[in-house]
1. Per DSSP H run of n ≥ 4, the term is -39500 (n - 2.57); total these for the chain, divide by its residue number, and report the mean residue ellipticity at 222 nm rounded to 500 deg cm²/dmol.
2. If you wrap a convex hull around the Cα atoms of the stretch 1-87, how much volume per residue is inside, in Å³?
3. Can you tell me the Rg and Dmax of the chain, counting just the alpha carbons, in angstroms?
4. Wrap a convex hull around the Cα atoms of the stretch 104-235, take a quarter of its surface area, and give that in square nanometres.
5. I need to check one value: relative contact order of the stretch 3-97, counting alpha carbon pairs closer than 8 Å and at least 6 residues apart, in percent.
6. Tell me the relative contact order for the chain as a rounded percent, counting alpha carbon contacts under 8 Å between residues six or more apart.
7. By counting other Cβ atoms within 10 Å of each Cβ, how are 185, 28 ranked from fewest to most?
8. Would you order 158, 119 from fewest to most other beta-carbon atoms within 10 Å of each residue's own beta-carbon?
């Protein structure tokens, strides 16, 4: 029976119902240690003999791919593929696919929750109460605030809709903007306009060689701006 390796922690911690789809297709599901991100040694013991690999965020190296001559396809459980040695996969004839948008609503809701948490000082208040202190900070409302969204793919567009429903003005930037996207509260803008006007900036872009938010970008922003990064850590120069 042909085998599929499944490693995302969210799928292995508790057997996911979707495993039955593989089994109904005559495939055997192989998993790593449940709920734990596998290392290369464990992967080297599991991947050889598999034709498919439903992968999490673990590093997928050339050495690992070369050890699995029967592997035909890798499906990344998420949008990013920077953990996969794409050049090695191409050389070995292994197809690699992301699942863009699969968790878009969850990320958008998290982003919206973080906005509310920051403006209402929820983390501060929670920490103070746990330390048995009653301290109050003046909060702010989202209504009327300007949100700048950098990266208006599926996640960014969902965030724009949620922010608009909360009464925010939304500026959006994307390298390849979908001009058909239209909301009353939304307008397309460049990053310079977003930096000048946004009270909150959310990031929904892939990582690159250089951080998008560096010292110069921070200098161009409004004083007191909140930055929410639910993309990749490399997008922000944390030292700046």
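1. On the way: 10 runs with 78 residues, N = 240.
Computed mean residue ellipticity for the chain: -8500 deg cm²/dmol.
2. Numbers: hull volume 7.6 nm³, N = 87.
Taking only Cα atoms, the stretch 1-87 has a hull volume of 87 Å³ per residue.
3. So, for the chain, Rg and Dmax equal 21.4, 62 Å respectively.
4. Numbers: hull surface 34.7 nm².
With the hull built on Cα positions only, its mean projection is 8.7 nm².
5. Values: 168 pairs, mean separation 25.5, N = 95.
Normalised by residue count, the contact order of the stretch 3-97 is 27 percent.
6. Details: 432 pairs, mean separation 28.9, N = 240.
Answer for the chain is 12 percent.
7. Values: 185 15, 28 12.
Sorted ascending by nearby Cβ count, the order is 28, 185.
8. If I rank by nearby Cβ atoms, fewest first, I get 119, 158.
Readers should treat all values here as calculations from the given coordinates under stated rules, not as data from a laboratory. In this text, all values refer to a predicted model and were calculated from it rather than measured experimentally. Positions of Cβ are generated from backbone atoms using ideal geometry, with glycine treated the same way; all protein chains shown enter the neighbour counts.
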